[in-house]
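Scroll down for the structure; my scribbles are underneath it.
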Amino acid sequence: MRCPFCANDDSQVKDSRPTEDSTSIRRRRQCSSCGARFTTFERVQLREVTVVKSGDRREAFDRSKLEQSISLACRKRDVSADRIDRLVSGIQRQVETAGEAEVASQRIGEMVMDGLRQLDSVAYIRFASVYRDFSEARDFEEFASTVQEAAANERS
């Protein structure tokens with residue numbers, strides 16, 4: 001593993017343990033050149049999945065892009081990084097175990113929407129505003145009112 005401090009290719013694993021949700025392995029490493037310590041995470045990848053985007057563009061599924069978009073929706077909200085990571089891991093697991101070599105970006109977007117709806121209503125609305133391409137304040141109002149109605153129905 002390359003050291004992020006000095007770019008040396010040789011490092012030693014000092015400690016390994018599963019993460020809390022057991023979806024990855026956390027490794028503490030020490031660079032053999034500069035002695036710096038850093039953490040890496042190792043995840044299982046079940047299969048290569050291609051995402052089919054609008055206009056039939058195709059690209060490899062990228063967990064970091066998914067994590068970045070969910071983190072952006074949850075920015076300045078009381079949502080822990082651990083909960084975001086669990087949501088991302090759950091979506092990745094669904095995509096990889098679906099048995100398909102290709103998945104539509106809209107399907108991934110719906111999975112994110114479902115997860116954010118349960119995680120945080122403001123993050124859900126933020127993501128929906130980009131995903132569904134809200135163009136006017138009225139779009140926000142209509143969507144927010146449906147979120148409020150759904151929350152009220154769940155409480156009753």
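The values are calculated or read from the model by the stated rules, or taken from the named source; none is laboratory data. Keep in mind that what you see is a predicted model, and the values were worked out from it rather than measured. Heads up, the Cβs are rebuilt from the backbone with ideal geometry, glycines too, and the neighbour counts pull from every protein chain shown.
Among residues that are closer than 21 Å to residue 48 by Cα, assigned to a helix (DSSP H, G or I), at pLDDT 90 or above and in contact with a helix residue (DSSP H, G or I) (Cβ under 9 Å, 6 or more places away or on another chain), residue 108 is included. If you go through the stretch 49-68, how many residues are outside any strand (DSSP E or B), within 17 Å of the chain's Cα centre (by Cα) and of a type in the set (Gly, Ala, Ser)? The qualifying residues number 1.
In the set 99, 115, 109, only one residue is in contact with a Gly (Cβ under 9 Å, 6 or more places away or on another chain) and in the same structural domain as residue 79 (by TED's automatic domain parsing); that residue is 115. Only one entry of 79, 95, 88 meets the criterion of being part of a loop (DSSP other than H, G, I, E, B), under 30 Å from residue 18 (Cα atoms) and within 14 Å of the chain's Cα centre (by Cα), and that entry is 79. If the condition is being over 23 Å from the mean Cα position of the chain (by Cα) and crowded, with 16+ Cβ neighbours inside 10 Å, then the stretch 119-142 contributes no residue at all.
Filtered by the rule that a residue be farther than 16 Å from residue 113 by Cα and either in a helix (DSSP H, G or I) or modelled with pLDDT under 80 (or both), the stretch 127-144 gives 135, 137, 138, 139, 141, 142. I'm trying to understand the selection: among the residues of the stretch 63-110, which are crowded, with 18+ Cβ neighbours inside 10 Å and of a type in the set (A, V, I, L, M)? The answer is 66, 70, 73, 79, 84, 87, 88, 91, 95, 103, 108. Scanning the stretch 17-43 for residues that are without any contact (Cβ under 8 Å) to a residue 12 or more places away in the chain and at negative phi turns up 17, 18. Checking the stated criteria, residue 42 turns out not to satisfy the condition of being in contact with a helix residue (DSSP H, G or I) (Cβ under 7 Å, 6 or more places away or on another chain) and under 17 Å from residue 96 (Cα atoms).
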